[in-house]
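S.K.: I am attaching a structure below and will ask some questions about it afterwards.
The values are calculated or read from the model by the stated rules, or taken from the named source; none is laboratory data. Keep in mind that this is a model prediction, so the values were computed, not measured. Here Cβ is always computed from backbone atoms with ideal geometry, including for glycine, and neighbour counts include all displayed protein chains. When the accessible area is computed, the model is the full protein with side chains, heavy atoms only, and any ligands, DNA or RNA have been set aside. Shrake-Rupley method; radii C 1.70, N 1.55, O 1.52, S 1.80 Å.
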Number of protein chains: 2
Amino acid sequence: MSDTVLVVGGGPAGLAAAHAASTAGKKVALVEKEDILGGAPILSGYAKLVPSGEWAKDAIGRMVKRVEDDSNVTVYTSTMVEQFDGEPGSFTAKLSNGDSVDAGAVVLGTGFTHFDSINKPEWGFGMYEDVVTTTQVEQMVGRGEVKCPSDGRVPERVAILLCVGSRDRQIGREWCSKICCTVSCNLAMEIKELSPETDVYIYYMDIRTFGLYEDKFYWKSQEEFKTKFVKARIAEVTTSEDGRLLVKGEDTLVKRPIIIPFDMVVHAIGMDPQDDNPEISKTFGIGLEQHGYIARAEMYTNTQGTTREGVFVAGAATGPNDIDSSVAEGQSAALRAVATINGVAEKKAS
Amino acid sequence: MSDTVLVVGGGPAGLAAAHAASTAGKKVALVEKEDILGGAPILSGYAKLVPSGEWAKDAIGRMVKRVEDDSNVTVYTSTMVEQFDGEPGSFTAKLSNGDSVDAGAVVLGTGFTHFDSINKPEWGFGMYEDVVTTTQVEQMVGRGEVKCPSDGRVPERVAILLCVGSRDRQIGREWCSKICCTVSCNLAMEIKELSPETDVYIYYMDIRTFGLYEDKFYWKSQEEFKTKFVKARIAEVTTSEDGRLLVKGEDTLVKRPIIIPFDMVVHAIGMDPQDDNPEISKTFGIGLEQHGYIARAEMYTNTQGTTREGVFVAGAATGPNDIDSSVAEGQSAALRAVATINGVAEKKAS
């Protein structure tokens, strides 16, 4: 019988779960495979987060500090869970550093893997220096300058291509990545703030700024920051004779081919299932859904459940997700973990 | 000092919060203004839920039963909170039935109000009997028959109009209602299952089947159930000489006017802020955001917080939301409430 919650993954979901379980009176072991906590927003150097507008390093940094400063939380970085056995109330995890952790319940906040644009070769990434990803532009914004990688010039015209590695059956990505539309509307505004002379175009199939993101990101980007939205099917990205990038496709609103020259083309990359999911599935004895994300249990009365009792999941591990929902799910999973431990303890006591 | 969590609202978020707080060892007082628990899915008679495909009465019914059977939860139906005072650890709520409840923390799961289609008069609701809402069609599906209200005939052709009361500045609804696209794709499939001869058209601006809803609802509805998607700006709904309904607008993909006759026109109604929010705001001393939803606190380290310490919020009360997220947020808010009570107790003990 262990009073510890094992949290795997130190991104927004895992950080939220670790802190939450601690505030509810449990010990926490937080295991992160990278050498620092923070997950994708920190490791990939995100700029200002959607929808808060706060810098990732501040917002997620605050979550990291809160966990690192918490004497109830033992943090293991550069560490993975290699073996896992037991049952609710008394699991044992063997870690890659040789340690063994007893835990009453588990929260997996193991996240996603960014789509690798190399897998969409006709859109120019890896071929042209000035074709970059949203992540790379977030890093540029973080440094306070948006410049073409090839020669350092400030781009006169930037294209953001949505759904790179999303909604694309040809490359086996049948899902939508949920948050790239909103992130891209935000990124267009950040580019414009840094470089008011730059024109930003967003190429889209549908703009999915759901809920309260509609006016705060889509309308604002269009009306206040003059982002141009082009509904199009993109065929390819090539170069013109003068070396500029050409985005070729069909404008699906006028049903005509369009070719527009750009200085920089940005891939709004999607969220693949975490590369490690096959191993995570095997180690923890849990199922994956058809696309390779971690399978969720029935959602109404086994919320954050996986296919294994006592093992819960939160955040983008179960499918593309935004940070706010991942944090809420992390806290939600912590509640389940705490209740599991309390329930087993009561049963033993009675 | 009270060990009770006061939960206001008996829909998915409140039910999740009430159960979760109980499993974490707290007493719960659940206050619901209607005479039964279940919230919108039960009160409005939803059919099969997105994305589980389970009937609302079963899925949400299970959540209701779990709470009603829980001896740690005291349920007050047909009751409202009329007065609220105190501080974290020791709040007091005066109820409309004369009772007084002491609570250490509060979760508001006070939900939303369906948009009233009467406020979009040019689209025919209230004028033509066969112009109905998604809620009404859900009820028909629940009864196992989709029929035109005017004469009971099975419709040959049904139009579902998206964004009724959403993304519409003219009528002060600047937000997207997040889940109507997915619900409508699902509803089209349910109609087709009951009546394979019926053709269903969905009129849209953007199809927002985010995340894993893309292939499970949008593609499936299109490919397996032959739902026709028409990107259009709708001008009005009128009638033809033979009494059929005419949907008039511009097909924005071909930039041409289109007029198609239908037997039934369905408004995919959006999610307004809860009508009671001004009173809720006043009673609980919490802020509202610009559209009238309950304002959220900083999301990263005060998750599910409102502008008042010890008062938390979950679900569609803070903006359009889906059931799955509302349930997760309910559980997440319960964790905060539990931790608040434990924290105050520890402080007093030390």
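S.K.: Any residue at all in segment B:81-101 that is within 26 Å of the chain's Cα centre (by Cα), assigned to a strand (DSSP E or B), farther than 25 Å from A:Gly211 by Cβ and among the β-branched types (Val, Ile, Thr)?
M.R.: yes
S.K.: Another question, if that's okay. Are any of the residues in segment B:167-178 under 21 Å from B:Phe225 (Cα atoms), open to solvent by 10 Å² or more (accessible area, probe 1.4 Å), modelled with pLDDT of 95 or more and among the aliphatic types (A, V, I, L, M)?
M.R.: Applying the first criterion (under 21 Å from B:Phe225 (Cα atoms)) to segment B:167-178 yields none.
No, segment B:167-178 contains no residue that is under 21 Å from B:Phe225 (Cα atoms), open to solvent by 10 Å² or more (accessible area, probe 1.4 Å), modelled with pLDDT of 95 or more and among the aliphatic types (A, V, I, L, M).
S.K.: Residues that are within 19 Å of the chain's Cα centre (by Cα), at least 2 per element: which strands (runs of 3 or more DSSP E) completely within segment A:234-285 meet that?
M.R.: A:264-269, A:271-273
S.K.: Please determine, by comparing only the residues of segment B:6-27 that are closer than 13 Å to B:Thr74 by Cβ and surrounded by fewer than 24 Cβ atoms within 10 Å (Cβ to Cβ), which one is farthest from the other protein chains (Cβ to nearest Cβ).
M.R.: Per the stated criteria, the residue is B:Lys27.
S.K.: Under 21 Å from the mean Cα position of the chain (by Cα), open to solvent by 20 Å² or more (accessible area, probe 1.4 Å) and at pLDDT 95 or above, is that true of B:Tyr293?
M.R.: So B:Tyr293 does not fit the description; no.
S.K.: Which pairs turn up if I take residues in segment B:47-62 that are among the hydroxyl-bearing types (Ser, Thr, Tyr) and look for partners that are surrounded by fewer than 16 Cβ atoms within 10 Å (Cβ to Cβ) with beta carbon separation below 9 Å, at least 6 apart in sequence or on another chain?
M.R.: Going by the 9 Å Cβ cut-off, the qualifying pairs are B:Ser52/A:Glu298.
S.K.: Test each condition in (1) in a loop (DSSP other than H, G, I, E, B); (2) over 26 Å from B:Cys181 (Cβ atoms); (3) not hydroxyl-bearing (Ser, Thr, Tyr) for B:Gln290 and report the one that comes out false.
M.R.: It is condition (2) that B:Gln290 fails.
S.K.: Here is a further query. When you check A:Glu156 against the structure, is it closer than 21 Å to A:Lys228 by Cα, of a type in the set (Asp, Glu), in contact with a Ser or Thr (Cβ under 8 Å, 6 or more places away or on another chain) and at pLDDT 95 or above, yes or no?
M.R.: Against the criterion (closer than 21 Å to A:Lys228 by Cα, of a type in the set (Asp, Glu), in contact with a Ser or Thr (Cβ under 8 Å, 6 or more places away or on another chain) and at pLDDT 95 or above), A:Glu156 qualifies.
S.K.: For segment A:41-68, what are the residues that are assigned to a loop (DSSP other than H, G, I, E, B) and under 17 Å from B:Asn302 (Cβ atoms)?
M.R.: A:Leu49, A:Pro51, A:Ser52, A:Gly53, A:Glu54
S.K.: Within segment B:283-296, does at least one residue satisfy the condition of being over 30 Å from B:Lys48 (Cβ atoms), among the aromatic types (Phe, Trp, Tyr) and more than 8 Å from chain A (Cβ to nearest Cβ)?
M.R.: Taking every residue of segment B:283-296 in turn, at least one turns out to be over 30 Å from B:Lys48 (Cβ atoms), among the aromatic types (Phe, Trp, Tyr) and more than 8 Å from chain A (Cβ to nearest Cβ).
S.K.: Right, another one. Just one of A:Val158, A:Val183 is within 24 Å of A:Thr318 (Cβ to Cβ) and either crowded, with 16+ Cβ neighbours inside 10 Å or of a type in the set (Lys, Arg) (or both); which is it?
M.R.: A:Val183
S.K.: Can you tell me which residue within segment B:209-226, out of those that are in a loop (DSSP other than H, G, I, E, B) and more than 7 Å from chain A (Cβ to nearest Cβ), is surrounded by the most Cβ atoms within 10 Å (Cβ to Cβ)?
M.R.: B:Phe225
S.K.: Out of everything in segment B:125-143 that is in a loop (DSSP other than H, G, I, E, B) and out of contact with any helix residue (DSSP H, G or I) (no Cβ under 9 Å at 6 or more places or on another chain), what residue ends up being most open to solvent (accessible area, probe 1.4 Å)?
M.R.: Looking at residues that are in a loop (DSSP other than H, G, I, E, B) and out of contact with any helix residue (DSSP H, G or I) (no Cβ under 9 Å at 6 or more places or on another chain), I get B:Glu129.
S.K.: Looking at A:Asp276, A:Asp322, which one is more than 30 Å from A:Glu156 (Cα to Cα), more than 14 Å from chain B (Cβ to nearest Cβ) and of a type in the set (Asp, Glu)?
M.R.: On the way: A:Asp322 fails: more than 14 Å from chain B (Cβ to nearest Cβ).
Every option except A:Asp276 fails the conditions.
S.K.: Scan segment A:331-341 and give yes if some residue there is of a type in the set (Ser, Thr, Tyr) and either facing chain B (nearest Cβ under 8 Å) or closer than 29 Å to A:Asn186 by Cβ (or both), otherwise no.
M.R.: yes
S.K.: Within segment A:296-331, track down each residue that is small (Gly, Ala, Ser), part of a loop (DSSP other than H, G, I, E, B) and either within 18 Å of the chain's Cα centre (by Cα) or crowded, with 24+ Cβ neighbours inside 10 Å (or both).
M.R.: Matches in segment A:296-331: A:Ala314, A:Gly319.
S.K.: Any residue at all in segment B:301-319 that is among the β-branched types (Val, Ile, Thr), free of Cβ contacts under 8 Å to residues at least 24 places away in the same chain and more than 10 Å from chain A (Cβ to nearest Cβ)?
M.R.: Yes, segment B:301-319 has at least one match.
S.K.: Which residue, of A:Leu30, A:Leu43, is open to solvent by 30 Å² or more (accessible area, probe 1.4 Å) and either at pLDDT below 95 or on the phi < 0 side of the Ramachandran plot (or both)?
M.R.: None of the others qualify; the one that does is A:Leu43.
S.K.: Quick one: B:Leu108 ticks every box in (1) open to solvent by 20 Å² or more (accessible area, probe 1.4 Å); (2) on the phi < 0 side of the Ramachandran plot; (3) not aromatic (Phe, Trp, Tyr) except a single one, so which number is it?
M.R.: Condition not satisfied by B:Leu108: (1).
S.K.: In the set A:Asp35, A:Asp3, which member is surrounded by fewer than 22 Cβ atoms within 10 Å (Cβ to Cβ), charged (D, E, K, R) and in contact (Cβ under 8 Å) with a residue 60 or more places away in the chain? Walk me through how you get there before you give the answer.
M.R.: Working: A:Asp35 fails: in contact (Cβ under 8 Å) with a residue 60 or more places away in the chain.
Answer to the check: A:Asp3.
S.K.: Moving on. May I ask you to say which residue of B:Ser78, B:Ser71 is surrounded by fewer than 16 Cβ atoms within 10 Å (Cβ to Cβ), modelled with pLDDT of 95 or more, on the phi > 0 side of the Ramachandran plot and not in a strand (DSSP E or B)? Explain how you work it out, then say what you get.
M.R.: Working: B:Ser71 fails: on the phi > 0 side of the Ramachandran plot.
None of the other options fit; the residue is B:Ser78.
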